[in-house]
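A short worksheet on the structure shown next.
What follows draws every value from the coordinates through simple rules; no lab data is involved. As the structure is a computational prediction, the values presented were derived from the model and not from experiment. Here the Cβ positions follow ideal geometry from the backbone for every residue, glycine too, while neighbour counts run over all protein chains shown.
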Amino acid sequence: MSHTGIDLKGVTLRYTAKGQVVEAVRDVNMDITPGEFVAIVGPSGCGKSTLLKLISGLMPAATGTATVGGQAPRPSGQVGLAFQNPSLLLWRTVLQNVLLPLEVSPKHKAAYRRDPAPYMERAKRMLGAVGLGDFMHKHPWELSGGMQQRANLVRALIHQPEILLLDEPFGALDAFTREELWLALQALWMGAKPTVILVTHDLREAVLLADTVYVMTPRPGRIDVQRHIDLPRPRTLEDTFTETFSDIVHELRGHIGGSRTRIRAEELMEVAS
Ligand SMILES: Nc1ncnc2c1ncn2[C@@H]1O[C@H](COP(=O)(O)OP(=O)(O)OP(=O)(O)O)[C@@H](O)[C@H]1O
């Protein structure tokens with residue numbers, strides 16, 4: 001069980017590039033409890049990925065305070081990461097890729113070196129459970145994008161991290177594969193219960209998976225809405241077609257709607273004709 005909550009108080013984050021200061025995030029407050037599944041949505045450039053950099057210890061807060069498990073954030077083996085493009089090593093098999101974090105995790109590396117068998121067993125079971133049982137000895141380039149991302153998720157969780165940071169992990173996948181992976185991620189999370197922050201552009205994804213959805217404003221990103229999602233688990237794809245579900249999605253879309261690029265459809269039709 002995870003005991004790692006994340007607490008942000010009045011956090012402002014800035015970049016300095018070529019003498020110019022860019023304020024990416026302003027006065028953000030978040031109180032994320034251990035084992036909570038949080039989704040962050042918001043317009044492009046509002047600072048979602050920048051918040052993940054703060055939490056993973058890669059960037060300091062300009063003002064305000066951030067704590068992870070009661071301590072200042074620092075890069076550590078207790079965080080699992082997955083991004084849009086699975087960063088699997090091409091020359092390693094799927095199984096070898098999945099085992100990679102165990103070779104460097106301060107918590108596991110000694111035990112893994114002494115006796116890798118139980119870890120192998122765990123990796124094989126997890127790969128089997130996400131439908132990669134027959135592919136664990138293949139190389140990443142022999143797998144589809146969806147299969148690679150499933151392997152990537154298993155790798156992010158193999159060392160039982162207390163925190164899992166996901167930056168648009170399903171953004172590059174087709175809609176069917178993405179939906180399949182939502183369920184895989186939910187099952188992996190329900191099993192291991194890490195604290196999860198999922199950055200996504202997809203409101204259905206956020207509502208299906210998260211306990212709490214945070215909506216951010218355009219840059220400098222502030223928290224516009226914090227919405228608790230009270231649907232029972234495990235949630236299913238059928239749930240996404242219910243009225244309750246689409247009401248929540250519409251409610252959240254209303255908060256983001258105003259900030260999106262306005263498409264002048266009639267004008268476009270006229271110009272295109
Ligand atoms: N290394 C950097 N140097 C200077 N400015 C940066 C840097 N990285 C990001 N920014 C700026 O900070 C802002 C927030 O960027 P960030 O990547 O966190 O946004 P995001 O919400 O994750 O965007 P997207 O949804 O498009 O991935 C952007 O306006 C971006 O231009």
Ranked list, fewest to most other Cβ atoms within 10 Å of each Cβ, for Thr12, Thr4, Thr195 = Thr12, Thr4, Thr195
Paramagnetic reach from Leu58 in segment 161-181 [backbone N under 19 Å; point 7 Å along Cα→Cβ] = 161-172
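Pairs on different chains or at least eight residues apart, Cα atoms closer than 20 Å: how many lysine pairs in the chain fit?
Lysine pairs meeting both conditions in the chain amount to 6.
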query = Over the chain, what is the percentage of antiparallel beta bridges among all DSSP beta bridges, to the nearest 5?
reply = 50
query = Rg to Rh ratio, the chain, alpha-carbon atoms and Kirkwood radius?
reply = 0.99
inquiry  = Out of the chymotrypsin sites (Phe, Trp or Tyr not before Pro) in segment 63-116, which ones are loop residues according to DSSP with at most 14 other C-beta atoms within 10 Å?
reply    = Trp91
Potential lengthening between Ala187 and Ala17 on full extension [0.36 nm per residue; Cα-Cα distance subtracted] = 57.1 nm
